[in-house]
Structure formats: structure tokens, C-alpha cells
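A quick write-up on the structure given underneath.
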Amino acid sequence: MKIHEFQAKELFARYSVPIPDGGVAQNVDKSVEIGCGLGFPVAVKAQIHAGGRGKGGGVKLAADSNELKACAEQILGIKLVTPQTGPEGQTVSKVLIEKAVSIRQEFYFSILLDRDTASLVILASTAGGMDIEETATESPDKITRVSVNPLIGLQPHHLRQVAFGLGVPRENMKAWLACIASLYRLFIENDCSLLEINPLIVTENGSPLALDAKIILDDSALFRHPDLKEYRDASEEDPLEAEARRHNLNYIRLSGNVGNMVNGAGLAMATMDIIKRAGAEPANFLDVGGGATREMVEKGFQIILSDSQVKGILINIFGGILRCDVLASGIVKAVKNVGVKVPLVIRMEGTNVEQGRRILADSGLELLTADTLADAASKVAEMVR
Ligand code: ADP
Ligand code: MG
């Protein structure tokens with residue numbers, strides 16, 4: 001789950017990671033009120049779940065309350081397009097107003113998971129403000145990379161390696177080491193999958209200050225953090241994905257036109273592969289789960305059908321815990337309730353498959369059945385063509 005910059009900064013504050021003073025506003029009046037409370041100049045920053053806001057005009061400096069008013073009016077409510085939003089942009093409904101600070105130097109800092117080595121990695125670079133991908137290709141020597149074994153945890157030598165890599169001011173070494181240690185602790189204690197600060201700056205007096213903040217939380221660990229769940233901003237997410245989550249369905253919208261519903265993530269991946277092989281493109285990933293109920297099948301169906309791009313549907317279910325007869329009656333009910341106007345191909349195997357097939361055959365609905373996965377995929381690919 002992605003969270004906003006102002007929320008990530010709230011977490012920073014809890015861990016004593018230095019951030020500029022600021023507050024979040026949903027309208028122009030509140031923006032001006034916060035700015036006047038802080039004292040000028042201030043930065044006005046669009047809060048959307050995407051970076052590159054500076055380049056897209058979503059970060060502006062204001063020297064007085066008139067300028068602040070103008071900036072807030074310009075940013076609030078627009079569809080901000082940045083290199084990370086895609087051409088359609090993202091609507092800005094909140095701005096962070098924070099004290100503008102003078103910058104001695106800009107660093108890049110992140111903590112992420114390295115699945116290859118099953119460790120955490122701290123990346124730090126003196127090329128702050130730039131895309132790290134760009135730095136990695138053009139001047140990889142500017143990146144300090146420190147692996148931390150999560151079982152052993154962060155050690156003092158890791159901290160020194162990062163700080164020396166950045167060449168942080170000697171007289172402020174203590175503050176920098178404490179800042180990096182706090183960021184690591186924040187990452188671990190909140191089950192983050194990414195923490196990125198670009199730029200982490202050196203202030204005029206040499207101390208660290210996080211000017212930007214990006215955090216991605218591990219969805220699978222959110223149940224351990226009821227307080228963080230409130231950070232979810234459904235308006236930043238795909239409405240169908242949000243709806244699916246409310247019903248415990250694993251659904252990701254994709255760009256193709258073959259909707260598919262599968263039980264089990266592995267089978268869902270394989271089904272998407274085979275749809276592609278048959279020359280079509282999947283419109284989604286949908287795993288209703290091994291223990292799906294009839295209600296979940298119905299809901300999954302509704303979600304697929306709410307996607308106007310879907311021109312055909314493939315249902316691929318292996319009846320284990322979810323028996324084929326239960327699935328079949330779920331499908332029949334859903335088709336009757338929802339009214340399906342696109343071709344539907346069903347491939348079913350497993351427990352009670354014969355009863356399941358009979359229910360489909362007796363339903364009087366126009367359903368195409370397939371015996372094998374390849375057969376199912378080529379039938380649905382044919383239909384959408
Ligand atoms: P993004 O990465 O989405 O473009 P940032 O938060 O990194 O957004 O802001 C872009 C740039 O704006 C920063 O690199 C920094 O130079 C400047 N900036 C951001 N916040 C402040 C601030 N509080 N004071 C001064 N400059 C700022
Ligand atoms: Mg940034």
C-alpha cells in the first residue's frame with residue numbers, strides 16, 4: 001500500500017527523523033492559514049501517490065500569503081501529470097504546506113528489499129534529486145549500497161558505511177547516524193517494502209532533513225498495524241481494485257480485454273500466460289482464493305463485468321476446497337443476476353466436476369465449456385477477436 005508524503009512524514013516525526021514543519025490542507029483557506037502559522041517562504045506540495053511532482057508543476061514555493069493563495073489555487077483540484085502518473089494524471093485533493101528550507105546539498109536515500117540475497121539494502125547517493133535509475137546507469141560510483149541481514153539487524157559499521165559514502169559533515173556525524181538508524185527501525189517496525197527519501201538534504205548547519213518521503217507498506221502485514229490502515233486513500237486507487245479488496249478478492253486490473261477468474265494465484269498466473277499464448281491479452285488478474293464462497297465468485301464476476309474493456313471471460317477453476325458444483329451454481333446465479341453480455345468460456349476440473357457440468361448444461365444459459373486449459377484459452381481468444 002502506497003501512502004502520501006505527509007503521512008510518511010508523520011511516521012518520520014514519530015521516529016524523530018527530522019522533517020520541515022508543515023501541515024496538510026484540502027482547500028485554499030486552510031493552506032493560507034497553515035502558511036501564515038509557519039511563516040514564509042513555504043513550499044506547496046501536491047499530495048498524490050506518484051513522484052516527479054516537481055517536474056510536473058506540483059511543487060511550488062511561495063514567498064508570502066498572496067503567492068501561497070495563488071499556488072494553492074493552481075495546484076488543488078487539477079489533474080497533475082508527472083513522469084510517474086501516466087498521461088491521464090492524478091487529481092490533487094490535498095496539498096502539504098511546509099516551511100521552505102535552504103539546501104546545502106541533496107542526497108538520495110532508500111531502504112528496500114533485495115529478494116536475490118534475501119536481505120535489506122540501503123542505497124545512498126550524493127546525486128540527490130535525480131532519478132536513482134539514471135544515477136545507476138550514468139554514475140554508479142556515486143551510489144553506496146549496503147546490505148543488511150535482517151536477522152542480524154543494522155550494525156554500527158553499516159551506519160558508518162552509509163555516512164562515509166555520503167561524505168556527511170563530520171561535526172554532524174552523530175545526527176546523521178541517528179537519522180539513518182531511525183529510518184531503518186521505522187522500516188522494520190512498520191513492515192515497509194520501500195522507504196525512499198529523495199532528496200534527503202544537508203541543511204545550512206550540516207544536519208539531515210527529509211524533504212521528500214515515499215513509503216510503501218507491505219499489504220500482507222497491514223493486519224499487524226491497525227493504525228496504518230487508516231492511511232489508505234481509496235481515491236488514489238483503481239476503484240475496481242478497491243472494491244475487490246473489500247471482498248477479500250485478489251484483483252489487479254490490466255490493459256487487455258479477456259477477463260478471467262481463477263482460484264489460486266499460481267493458476268491465475270498460468271491462465272494469464274496461456275491467454276497471451278493464445279494471442280489475446282488478459283484484462284485482469286483475479287484470484288478468488290482456494291476457499292472462495294459462492295458470494296465471492298459472484299462478486300468477482302461483477303467486478304470483471306464492471307470493466308468496460310472486457311470483451312470475453314474465461315473462468316478457470318480447479319475444484320478443491322471450492323467444489324465444482326458450488327462454483328457452477330455460483331456462476332449460473334451470477335450470470336442471471338448480473339446479465340452477462342460477453343462470451344463466457346468455462347474450464348472446470350476437480351471435485352464434483354460432473355455435477356458442476358450438469359448444473360451448467362441444465363442452466364439454459366449460453367456458456368461455452370472447455371476440456372483443457374489450452375482449449376479454453378483459444379476459444380476465448382477467438383471470441384474476443
Ligand atoms: P517530487 O520528488 O515528487 O518531485 P519532492 O518532494 O522531491 O517532490 O520536491 C521536489 C523538489 O522541490 C525537491 O527536490 C526540492 O528541491 C524542492 N523542495 C521540496 N520541498 C521543499 C521545501 N520544504 N523547501 C525547499 N525546497 C523544497
Ligand atoms: Mg522527490
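Taking 18 Å as the limit for the C-alpha separation, the pairs Lys336/Lys379; Lys276/Lys379; Lys99/Lys229; Lys60/Lys94 exceed it in the case of Lys336/Lys379; Lys99/Lys229.
Applying the criteria of a DSSP loop state and at most 15 other Cβ atoms within 10 Å to the trypsin sites (Lys or Arg not before Pro) of region 82-160 yields Arg115.
Accessible surface for Phe164 stands near 110 Å², nearest 10, in the context of the full protein assembly shown (1.4 Å probe).
Kirkwood hydrodynamic radius of region 105-229, from the reciprocal of the average inverse Cα-Cα distance over all distinct pairs: 14.9 Å. On the principal axes of its alpha-carbon atoms, region 304-355 has extents of 33, 18, 16 Å, going from largest to smallest. Measuring from centroid to centroid over Cα atoms, what is the spacing of region 304-373 and region 175-206 in Å? Using only Cα atoms to place each centre, the spacing works out to 50 Å. Scaled against the 2.2 N^0.38 Å expected of a compact globular protein of N residues, the Cα radius of gyration of the chain reads 1.21. Its Cα gyration tensor gives region 179-335 an equivalent ellipsoid; the semi-axes, largest first and in whole Å, are 40, 17, 14. Evaluated with a Cβ-only charge set (Lys, Arg +1; Asp, Glu -1), the chain carries a dipole of roughly 280 debye about its Cα centre, given to the nearest 20. The portion of the accessible surface of the chain made up by carbon and sulfur, rounded to a whole percent, is 51 (1.4 Å probe; DNA, RNA and ligands excluded).
Suppose every K and R has +1 on its Cβ and every D and E has -1 on its Cβ; what is the size of the dipole of region 121-243 about the Cα centre, in Debye to the nearest 20? Kindly include the intermediate steps, with their values, before the conclusion.
Working: 10 positive and 21 negative charges, 215 e Å.
That gives region 121-243 a dipole magnitude of about 1040 debye.
Using DSSP loop states and a limit of at most 13 other Cβ atoms within 10 Å to flag GluC sites (Glu not before Pro), what is the longest stretch of the chain containing no flagged site? The longest such stretch corresponds to 231-365.
Calculate, for the chain, the solvent-accessible area per residue in square angstrom, rolling a 1.4 angstrom probe over the heavy atoms of the protein chains. It would help to have the intermediate numbers written out before the result.
On the way: 17880 Å² over 385 residues.
Ligands and nucleic acids excluded, the figure is 46 Å² per residue.
Based on DSSP H segments of at least four residues, each scored -39500 (n - 2.57), the chain has a per-residue ellipticity at 222 nm of -11000 deg cm²/dmol. Normalised by 2.2 N^0.38 Å, where N counts its residues, the alpha-carbon radius of gyration of region 1-126 equals 1.15.
The values are calculated or read from the model by the stated rules, or taken from the named source; none is laboratory data. A quick note: this is a predicted structure, and the numbers were derived from the prediction, not measured. Virtual Cβ from ideal backbone geometry, glycine too; neighbours counted across all protein chains shown. Protein only, heavy atoms only, side chains kept; ligands, DNA and RNA dropped before computing areas. Shrake-Rupley method; radii C 1.70, N 1.55, O 1.52, S 1.80 Å.
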